[in-house]
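**Q** Have a look at this one before I ask anything.
The values are calculated or read from the model by the stated rules, or taken from the named source; none is laboratory data. Worth saying up front: this structure is predicted, and the values here are computed from it rather than measured. Glycine also receives a Cβ, built like all others from the backbone with ideal geometry; neighbour counts cover every protein chain displayed. To get the accessible areas, we keep the full protein, side chains included, count just its heavy atoms, and leave off ligands, DNA and RNA. Shrake-Rupley method; radii C 1.70, N 1.55, O 1.52, S 1.80 Å.
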Amino acid sequence: MTEKFRDIEYLKSGNDRQKLAFSEIKKYKILEKLKKFNPILTGTIPIGIDIPESDLDIICECKNHSEFSNFLREQFSDKKDFKIYSVNQEGVKSTVAEFKTENFLFEIFGQDSPTTKQNAYLHMLIENSILEKKGLKFRQEIKRLKSSGIKTEPAFAKLLGLIGNPYIELLKLTVK
């Protein structure tokens with residue numbers, strides 16, 4: 001199950017937005033350019049709970065943030081609204097690049113951690129597992145909450161009755 005998300009081929013047989021994401025990622029050779037950083041597409045589009053404003057999140061493993069930043073500038077600075085910045089997420093330094101293509105806002109996110117161990121990937125696996133178990137009505141309710149302005153993890157926490165920080169509480173759930 002977890003291997004499914006390591007290769008974006010699954011998007012070709014997905015919904016219209018997933019097919020469009022596949023096409024755009026391929027057109028701009030995003031994953032090929034990022035290959036040495038073990039990229040994985042994460043977020044709401046891969047698991048089919050995106051809303052029109054949803055972006056394409058690609059996580060990467062970067063050992064050296066300065067080199068990663070330079071690489072991102074070299075590869076993507078010619079794209080519309082390109083910007084790059086660093087943030088600390090839960091004490092972990094992260095380098096983020098954003099840019100737009102015809103149909104999507106891309107967010108490329110690098111941490112000094114294997115991509116399969118990063119929270120964005122783990123959240124997506126857990127959320128996908130929950131969606132598969134809970135069915136269509138649950139999926140529709142998540143999308144409704146997201147459309148009303150609630151972020152993904154808080155929406156899951158609300159519907160699941162999780163108490164505390166939704167980002168941490170979701171990670172406590174196991175993927176089966």
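**Q** Might you check whether a residue that is in contact with a Cys (Cβ under 9 Å, 6 or more places away or on another chain), polar (S, T, N, Q), in a loop (DSSP other than H, G, I, E, B) and open to solvent by 60 Å² or more (accessible area, probe 1.4 Å) occurs anywhere in segment 32-41?
**A** Among the residues of segment 32-41, at least one is in contact with a Cys (Cβ under 9 Å, 6 or more places away or on another chain), polar (S, T, N, Q), in a loop (DSSP other than H, G, I, E, B) and open to solvent by 60 Å² or more (accessible area, probe 1.4 Å), which makes the answer yes.
**Q** On to the next question. Of the numbered conditions (1) of a type outside the set (Phe, Trp, Tyr); (2) closer than 24 Å to residue 6 by Cα; (3) open to solvent by 70 Å² or more (accessible area, probe 1.4 Å), residue 137 satisfies every one except a single condition; which is it?
**A** (2)
**Q** Count, please, the residues in segment 140-176 that happen to be surrounded by 14 or more Cβ atoms within 10 Å (Cβ to Cβ), polar (S, T, N, Q) and either without any contact (Cβ under 8 Å) to a residue 60 or more places away in the chain or part of a loop (DSSP other than H, G, I, E, B) (or both).
**A** 0
**Q** Something else about it: Has segment 46-53 got at least one residue that is farther than 25 Å from residue 145 by Cβ and either touching a strand residue (DSSP E or B) at 6+ places or on another chain (Cβ under 6 Å) or not acidic (Asp, Glu) (or both)?
**A** No, that holds for no residue.
**Q** Determine, yes or no, whether residue 23 is out of contact with any strand residue (DSSP E or B) (no Cβ under 7 Å at 6 or more places or on another chain), within 19 Å of residue 9 (Cα to Cα) and open to solvent by 20 Å² or more (accessible area, probe 1.4 Å).
**A** Yes, satisfied.
**Q** Under 9 Å between Cβ atoms, which residue pairs at least 6 apart in sequence (or on different chains) link something in segment 63-77 that is under 19 Å from residue 38 (Cβ atoms) with a partner that is in a helix (DSSP H, G or I) and open to solvent by 30 Å² or more (accessible area, probe 1.4 Å)?
**A** As it stands, the answer is 71/33; 71/36; 75/33; 76/33, since those pairs meet every condition given.
**Q** Then there is this: Which of the residues belonging to segment 3-20 are aliphatic (A, V, I, L, M) and surrounded by 18 or more Cβ atoms within 10 Å (Cβ to Cβ)?
**A** 8, 11
**Q** Return the pair list, or none, for Cβ contacts closer than 8 Å from residues in segment 124-135 that are free of Cβ contacts under 8 Å to residues at least 60 places away in the same chain and part of a helix (DSSP H, G or I) to residues that are of a type in the set (Phe, Trp, Tyr) and open to solvent by 20 Å² or more (accessible area, probe 1.4 Å), at least 6 apart or on different chains.
**A** Close Cβ pairs (under 8 Å, with a partner that is of a type in the set (Phe, Trp, Tyr) and open to solvent by 20 Å² or more (accessible area, probe 1.4 Å)) amount to 130/138.
**Q** Does residue 86 count as at pLDDT 95 or above, farther than 17 Å from residue 124 by Cβ and open to solvent by 30 Å² or more (accessible area, probe 1.4 Å)?
**A** Judged against the criteria, residue 86 is not a match.
**Q** A further question on this structure: For segment 42-81, what are the residues that are open to solvent by 50 Å² or more (accessible area, probe 1.4 Å) and either of a type outside the set (S, T, N, Q) or outside any helix (DSSP H, G or I) (or both)?
**A** Answer for segment 42-81, where residues must be open to solvent by 50 Å² or more (accessible area, probe 1.4 Å) and either of a type outside the set (S, T, N, Q) or outside any helix (DSSP H, G or I) (or both): 52, 53, 63, 64, 67, 73, 74, 77, 78, 80, 81.
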